[in-house]
């Protein structure tokens, strides 16, 4: 390789190496915290099968562990309670008989983040998640006032979640 080409090649290699930037201390701290949260709260999701009647299944490689994780999310050891609330969340996530997997898992994530301590708090967290989904759906509609012409109805949506939070703090 002639000297001129060698110099150009070395310059290009140096620029490529320089393009890899160093992670800042703030970014490194954010990554460490993110990884710690992932380890502290193992992921649990639902999978919705679309064959015939929609079926909800846990999306976890180990079924007993997945069941324990989902029971923990809802702060309950009662299978009937968990099945009932999951069914209600599924109804709130979709339209008609269709269950929206993304919406169902979002509501599950909201409840998981609230960390209910008992079944009552799990129900309040589920209501907060469902009301949030409904509020965002209605807020996306154009214009919102056609959907809720009544000021009372609009206020009911906006007050519901903060009022529920106050109840949780008193409990």
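Every read-out reported here was derived from the displayed coordinates using simple, explicitly stated rules and does not represent laboratory data. Worth saying up front: this structure is predicted, and the values here are computed from it rather than measured. Every residue, glycine as well, gets a Cβ built from its backbone with ideal geometry; the counts of neighbours run over all protein chains shown.
What does a probe at residue 77 reach in the stretch 28-69, counting residues whose amide N is under 20 Å from the point 7 Å along Cα→Cβ? Residues 64-69 qualify, since their backbone N sits under 20 Å from the label point. If each Cα of the stretch 22-134 is one equal point scatterer, what is log10 of I(q)/I(0) from the Debye formula at q = 0.10, 0.15 Å⁻¹? At q = 0.10, 0.15 Å⁻¹ the computed log10 ratios are -0.34, -0.69. The stretch between residue 115 and residue 91, if pulled fully straight at 0.36 nm per residue, gains 6.4 nm over its current Cα-Cα span.
Between residue 40 and residue 57, full extension at 0.36 nm per residue minus the direct alpha carbon distance yields a gain of 3.8 nm.
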